[in-house]
Amino acid sequence: TVLVDHRYTAVLLDIGLPGESGLTVIRFMRGHYDATPVIALTARGQLTDRIRGLDAGADDYLVKPFQFDELMARLRAITRRSQGRVVPLLTQGDVCVDPSS
């Protein structure tokens with residue numbers, strides 16, 4: 001219920017949770033229309049495991065052991081994508097156009 005009661009920028013979720021599969025948690029989130037970005041963390045690195053995690057709704061899948069810098073880069077990337085595409089203003093002289101408007 002913590003995931004339902006609170007809003008998060010992103011979720012780092014270990015697939016090997018005690019008592020409850022992390023994949024079940026991800027499916028629950030997606031089943032409740034929760035689009036919070038999720039990075040699945042796990043020691044299970046087989047291709048079928050990675051596919052299962054992504055198909056369950058994870059936005060990214062990182063196999064242990066991993067470098068902290070890589071985790072942070074992936075976290076920045078999924079939060080950036082979740083905030084939508086950044087469209088720069090087009091400026092020429094005194095004229096400025098916002099392509100998103």
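The values are calculated or read from the model by the stated rules, or taken from the named source; none is laboratory data. On a predicted model such as this, the values are computed, not experimentally measured, just so you know. Note that each Cβ is placed from the backbone with ideal geometry, even for glycine, and that neighbours are counted across all protein chains shown.
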Just the residues that are touching an Asp or Glu at 6+ places or on another chain (Cβ under 7 Å), surrounded by 12 or more Cβ atoms within 10 Å (Cβ to Cβ) and either at pLDDT 95 or above or hydrophobic (A, V, I, L, M, F, W, C) (or both), please, taken from segment 68-92. 78
Would you mind stating whether residue 48 is polar (S, T, N, Q) and either part of a loop (DSSP other than H, G, I, E, B) or exposed (fewer than 11 other Cβ atoms within 10 Å of the Cβ) (or both)? yes
Tell me, which residue of segment 1-14 that is free of Cβ contacts under 8 Å to residues at least 12 places away in the same chain and in a loop (DSSP other than H, G, I, E, B) is surrounded by the fewest Cβ atoms within 10 Å (Cβ to Cβ)? 1
Residue 65 passes all but one of (1) surrounded by fewer than 17 Cβ atoms within 10 Å (Cβ to Cβ); (2) outside any loop (DSSP other than H, G, I, E, B); which number fails? (2)
Residue match in segment 37-44 (condition: surrounded by fewer than 17 Cβ atoms within 10 Å (Cβ to Cβ), closer than 19 Å to residue 8 by Cβ and either in contact with a Ser or Thr (Cβ under 9 Å, 6 or more places away or on another chain) or at pLDDT 95 or above (or both)): no
Being free of Cβ contacts under 8 Å to residues at least 12 places away in the same chain and either over 22 Å from residue 81 (Cα atoms) or in a loop (DSSP other than H, G, I, E, B) (or both) is the filter here, so list the residues in segment 15-44 that pass it. 17, 18, 19, 20, 21, 24, 33
List the pairs whose first member sits in segment 57-78 and is in contact (Cβ under 8 Å) with a residue 24 or more places away in the chain, whose second member is surrounded by 10 or more Cβ atoms within 10 Å (Cβ to Cβ) and part of a helix (DSSP H, G or I), and whose Cβ atoms are under 6 Å apart, counting only residues at least 6 apart or on separate chains? 57/26; 57/30; 58/26
